[in-house]
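Report on the following structure.
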Amino acid sequence: MPRSRAALGLTAQAAEGRFALQRCEECGQVQYPPVDSCRACLSGELLWTPMSGRGELLTHTKLHHSNDPFYRERLPWRLGLLRLEEGPVVVAHLHQECPPPPAPVRVTAKLDKAGRGVLVALPTGDTRDMSTDPRNGEFSCDPRFRKVLVTDGKSRVGQALVHELAEAGAAVIWVGQAEPWKKYDGQEAVGKLPQVTVVPLDLTDERGVMRIGAEIGARVDILINNAEVHRTEGIATRAGAELARREMEVNYLGLLRLAQAFGPAMRSRAADGGASAAAWVNVLSVYALSNYPPHGTYSASKAAALSLSQCLRAEMQDSGIRVMNVFPGPVDEEWNQPMPPPKLAPERLARDIVLGLRDGVEDLYPGDVAREWVERWRDNPKVLERELALEAQ
Amino acid sequence: MTRQDYKGVALVAPVTVPYRRYSTRDAHWWIARALAGLLKDTGLNKDDIEGLGISSFTLAPDTAVGLTQHLGMSLRWLDHVPMGGASGVVCLRRAARAVQSGDAEIVACIAGDTNHVDTFRRTLSTFSRFAQDAVYPYGSGGPNASFAFITDWWMREFGVQREDFGKLCVAQRRNAMDNPYALLRKPLDLDDYLGARMIAEPLRLFDCVMPCAGADAYLVMTAERADALGLESVRLLGAIERHNAFPDDPVQVRGGWEADRDELWEQSGVGPDDMDFFQAYDDYPVITLMQIEELGFCPSGEGAAFVREHEFAYDGDCPLNTCGGQLSMGQAGAAGGFLGLVEAMRQLLRRPLGRQVADATHGAVSGFGMINYDRGLCSAAAVLARP
């Protein structure tokens, strides 16, 4: 479905969980629907600006007929026309618990199943997860009642993810383990969870990945790929490409193998009612945005994975599977030991990933370091590159 | 500034190409049939037509320009009016000016659209940039959803009841009963209306027009020329158009006519009470009510009371949409914006499709179109008279 470039700005904001609209830099008028020039003063300088989210429901309807097959299966569907505190009148999906107009509502921006940024009106008060509305599922990838694969259950992040998913109500958690015969810390706690099934999964083993894909791929609702190899090498610190190859084998080619083994089955199940296939999560690194020289080859492998995940997202888009990229700063684990704090606790990363799934976001920058980093990158990627080069000296 | 009058402008040859629910033909075919109908009706040749005004939603990738070659016409005046429900009156206004200024002696105004099985959805999803960005993704309800918002607002703000809307729809269906071109001729009573399948609350099935294929057309020339050719004609007394009126109304309570209606009646030299019928744009009954109020048939906010006090069938005291309107004929795309105009001509020429309003000498026609985002942007109206 075509969309204007301006409207994709709303999608880009919603992808990170923000509700922002264009605001005229000259006269301050807030614009909606997205435009190319200010409706009031014709200025071409419009800046995406966070909105208060406060609005008043003016009128509403409940659709019992739709021209689109997707919605036809989900009728009746409630919509509202509301006026935002900042001025514009907007059409929005309306949570079923919103009282009839006139009524105050809380407005958020979400990605819909087709990946379009859309506005959603909620009742005022706490309905963060919208779980009281069965149609919540169209905007969220809540792990509750879903079957989840965590590709590496051995790492501290993987273990934290498993516990967090169990807490969040996941029905089944497959836990991938390369070299399953090797014992590791925390193994017992993970194994005790009734939802957990351990599966042998080594992303460097193409046939093995295909085999597991054939076995469980048709049941996986959410795939979280957190498997990675992380070495702290630049170029000059070492001779030869062996370590870099191991990083690429898991971080980049591993993602490719997984996508080929699990992607088709997940795509075909995205429209199933109830607990449908919903999301694919790639745990990348903020270093994917700009190379961090002390972890130079790792950064490069994550950049490759980011590029590939954009391809995956484009291929998944029509099916309705959300591809969520996670860009943590340094995580408090083995290979970041020499890094000074602040470092992201694995538990915090896991919690943020589950929240991100619930909120249905597409890009997640968990923790202060990641958020600061992405802000610098957005402001000027070239300046960030120079800053990182200086840090490496 | 006062608008120049329309003295000496005549409308000739109302043509309707019988509508069909679905058609495998393209819009070009429908428009060609309408042109052929104009020529047959008047005995004119294609070469006599010097100007052409076109309205269509389904002509893409063509515009009126491509049609000249399709139809083998060489023209000195050409217009494409993409204004949907307002296009009938807007085409008339432009053609009238062309004729008055001598740009063209005879102008053919034609609206035609096809309706393939998937046409309606495609038209909706790419209707306008605002629609594709900010309306269609929300449940893809199309105009039903937009007019449900407006209807809900009117019912709460102005105390309009479902029965009031129903009275208009039932009267229109009665008007359609003897019209062989009406696609919907099954008798409709108030209970049928009130109990119909829900479409977009509070709208039910009989509030909504049915998309179909069809074409409507008429000629514009000077009265002198019409008389010289021995063609029966009607006169244009006044006409207005307005776009994006009242943008600050949070929900559409006014379509735009209010901004120019005093000028319309003054220019026409008659008033609402002198009208023998009213052909309103009836995509949804709330819009009919809006036109009744804004064109001054009753004070604003009193539409519901007006409906309760009057009768709207061809034999009532306020004949409305005398061929059954789009609600009974079907909505043939942009031709829906021409239907009221050609029906007004027929009533004044005493050549109705169905029932004749007795002794009709004056009539009003109104058009409304283009739900660009949350409201219709184009409004237009004209007053016609039998010479």
Tell me which residues, restricted to the stretch A:6-37, are of a type in the set (D, E, K, R) and at the interface with chain B (Cβ under 10 Å from one of its Cβ atoms).
-> A:ASP36
Might you let me know whether the stretch A:196-205 holds any residue that is open to solvent by less than 60 Å² (accessible area, probe 1.4 Å), closer than 21 Å to A:ALA279 by Cα and of a type in the set (S, T, N, Q)?
-> no
Contacts under 6 angstrom Cβ, first residue in the stretch B:242-265 being at positive phi and more than 14 Å from chain A (Cβ to nearest Cβ), partner open to solvent by 30 Å² or more (accessible area, probe 1.4 Å) and not aromatic (Phe, Trp, Tyr), 6 or more apart | B:GLY256/B:ARG242
So, first residue aromatic (Phe, Trp, Tyr) in the stretch B:63-92, second residue in a helix (DSSP H, G or I) and open to solvent by less than 20 Å² (accessible area, probe 1.4 Å), Cβ within less than 7 Å, six or more apart or across chains; the pairs are B:TRP77/B:ALA98
Has the stretch B:244-258 got at least one residue that is among the aliphatic types (A, V, I, L, M), open to solvent by less than 60 Å² (accessible area, probe 1.4 Å) and over 19 Å from the mean Cα position of the chain (by Cα)?
-> yes
For the stretch A:22-58, what are the residues that are among the hydroxyl-bearing types (Ser, Thr, Tyr) and under 19 Å from B:PRO137 (Cβ atoms)?
-> A:TYR32
Any idea which of A:LEU58, A:LEU47, A:LEU82 is assigned to a strand (DSSP E or B), more than 9 Å from chain B (Cβ to nearest Cβ) and crowded, with 16+ Cβ neighbours inside 10 Å?
-> A:LEU82
Would you tally the residues in the stretch A:350-370 being farther than 24 Å from A:GLY263 by Cα and touching a strand residue (DSSP E or B) at 6+ places or on another chain (Cβ under 6 Å)?
-> 1
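Would you please name the residue that is farthest from A:VAL331 (Cα to Cα), looking only at residues in the stretch A:145-201 that are of a type in the set (S, T, N, Q) and not in a loop (DSSP other than H, G, I, E, B)? Break it down stepwise before answering.
Applying the first criterion (of a type in the set (S, T, N, Q)) to the stretch A:145-201 yields A:151, A:155, A:159, A:177, A:187, A:195, A:197.
Next, from what is left, pick out any that are not in a loop (DSSP other than H, G, I, E, B): A:159, A:177, A:187, A:197.
Working: A:GLN159: 14, A:GLN177: 20, A:GLN187: 20, A:THR197: 26 Å.
Of everything passing the filter in the stretch A:145-201, A:THR197 is farthest from A:VAL331 (Cα to Cα).
Quick check on my filter: what residues within the stretch A:85-106 are small (Gly, Ala, Ser), more than 26 Å from the chain's Cα centre (by Cα) and part of a strand (DSSP E or B)? Before you say what the answer is, go through the steps one by one.
Restricting attention to the stretch A:85-106, the residues satisfying the condition of being small (Gly, Ala, Ser) are A:87, A:92, A:103.
From what is left, the residues that are more than 26 Å from the chain's Cα centre (by Cα) are A:87, A:103.
A:ALA103, the sole residue that qualifies.
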If we ask which residues in the stretch A:331-370 are open to solvent by 10 Å² or more (accessible area, probe 1.4 Å) and farther than 30 Å from A:PRO69 by Cβ, their number turns out to be 23
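Residue by residue, here is whether (1) among the hydrophobic types (A, V, I, L, M, F, W, C); (2) touching a residue at least 60 places away in the same chain (Cβ under 8 Å); (3) assigned to a helix (DSSP H, G or I) holds:
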position	(1), (2), (3)
A:MET339	yes, no, no
A:ILE353	yes, yes, yes
A:ARG358	no, yes, yes
A:VAL361	yes, yes, no
A:ALA370	yes, yes, yes
A:GLU375	no, no, yes
A:LEU384	yes, yes, yes
A:GLU387	no, no, yes
A:LEU390	yes, no, yes
Among the residues of the stretch B:1-41, write down those that are open to solvent by less than 20 Å² (accessible area, probe 1.4 Å) and of a type in the set (S, T, N, Q).
-> B:THR16, B:SER23
Checking A:ALA277, A:ALA261 in turn, the sole residue that is assigned to a helix (DSSP H, G or I) and either open to solvent by 20 Å² or more (accessible area, probe 1.4 Å) or at negative phi (or both) turns out to be A:ALA261
Apart from one, (1) open to solvent by 20 Å² or more (accessible area, probe 1.4 Å); (2) in contact (Cβ under 8 Å) with a residue 24 or more places away in the chain; (3) over 23 Å from B:ILE240 (Cβ atoms) all hold for B:ASP118; the odd one out is (2)
Failed criterion for B:ARG173 (all others in (1) buried (at least 19 other Cβ atoms within 10 Å of the Cβ); (2) within 27 Å of B:ALA60 (Cβ to Cβ) hold) = (2)
Residues of the stretch B:48-62 being open to solvent by 60 Å² or more (accessible area, probe 1.4 Å) and touching a residue at least 40 places away in the same chain (Cβ under 8 Å), which ones?
-> B:PHE57
Output for the stretch B:277-306, where each listed residue is more than 24 Å from B:GLN331 (Cα to Cα) and either in contact with a Phe, Trp or Tyr (Cβ under 7 Å, 6 or more places away or on another chain) or in contact (Cβ under 8 Å) with a residue 12 or more places away in the chain (or both) | B:GLY296, B:PHE297, B:CYS298, B:SER300, B:GLY301, B:GLY303, B:ALA304, B:PHE306
Which of (1) modelled with pLDDT of 95 or more; (2) open to solvent by 10 Å² or more (accessible area, probe 1.4 Å); (3) assigned to a loop (DSSP other than H, G, I, E, B) does A:ASN67 not meet, given it meets every other one?
-> (1)
State yes or no: is B:GLU343 in contact (Cβ under 8 Å) with a residue 40 or more places away in the chain, crowded, with 24+ Cβ neighbours inside 10 Å and touching a Cys at 6+ places or on another chain (Cβ under 9 Å)?
-> yes
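Looking at the stretch B:74-94 only, could you name the residues that are in a helix (DSSP H, G or I) and at negative phi? Walk me through how you get there before you give the answer.
Step one: list which residues in the stretch B:74-94 are in a helix (DSSP H, G or I), which gives B:84-94.
Once the filter is applied, which keeps residues that are in a helix (DSSP H, G or I) and at negative phi, the stretch B:74-94 yields B:GLY85, B:ALA86, B:SER87, B:GLY88, B:VAL89, B:VAL90, B:CYS91, B:LEU92, B:ARG93, B:ARG94.
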If B:ARG129 satisfies every condition in (1) open to solvent by less than 60 Å² (accessible area, probe 1.4 Å); (2) at pLDDT below 95 but one, which is the exception?
-> (1)
Of B:ARG33, B:ARG97, B:ARG122, the only residue that is out of contact with any Gly (no Cβ under 6 Å at 6 or more places or on another chain), within 14 Å of chain A (Cβ to nearest Cβ) and in a helix (DSSP H, G or I) is B:ARG122
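Restricted to the stretch B:133-145, and to residues that are assigned to a helix (DSSP H, G or I), open to solvent by less than 10 Å² (accessible area, probe 1.4 Å) and touching a residue at least 12 places away in the same chain (Cβ under 8 Å), which residue is farthest from the other protein chains (Cβ to nearest Cβ)?
Within the stretch B:133-145, the subset assigned to a helix (DSSP H, G or I) is B:133-134, B:143-145.
Cutting the leftovers down to open to solvent by less than 10 Å² (accessible area, probe 1.4 Å) gives us B:133-134, B:145.
Still in the running and touching a residue at least 12 places away in the same chain (Cβ under 8 Å): B:134, B:145.
Details: B:ALA134: 4, B:ALA145: 6 Å.
Filtering first and then ranking leaves B:ALA145.
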Would you tally the residues in the stretch B:150-159 being at the interface with chain A (Cβ under 7 Å from one of its Cβ atoms) and either surrounded by fewer than 23 Cβ atoms within 10 Å (Cβ to Cβ) or not in a helix (DSSP H, G or I) (or both)?
-> 1
What's the number of the condition A:GLU315 fails, among (1) surrounded by fewer than 17 Cβ atoms within 10 Å (Cβ to Cβ); (2) assigned to a strand (DSSP E or B); (3) of a type outside the set (Gly, Ala, Ser)?
-> (2)
Hey, any hits in the stretch B:349-363 for a residue that's open to solvent by less than 10 Å² (accessible area, probe 1.4 Å) and either in a strand (DSSP E or B) or within 17 Å of B:ALA34 (Cβ to Cβ) (or both)?
-> yes
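The values are calculated or read from the model by the stated rules, or taken from the named source; none is laboratory data. For clarity, every value in this text was computed on a predicted model and none was experimentally measured. Note: ideal-geometry Cβ built from the backbone for every residue, glycine included; neighbour counts use all protein chains shown. Heavy atoms of the whole protein, side chains included, go into the accessibility calculation; ligands, DNA and RNA do not. Shrake-Rupley method; radii C 1.70, N 1.55, O 1.52, S 1.80 Å.
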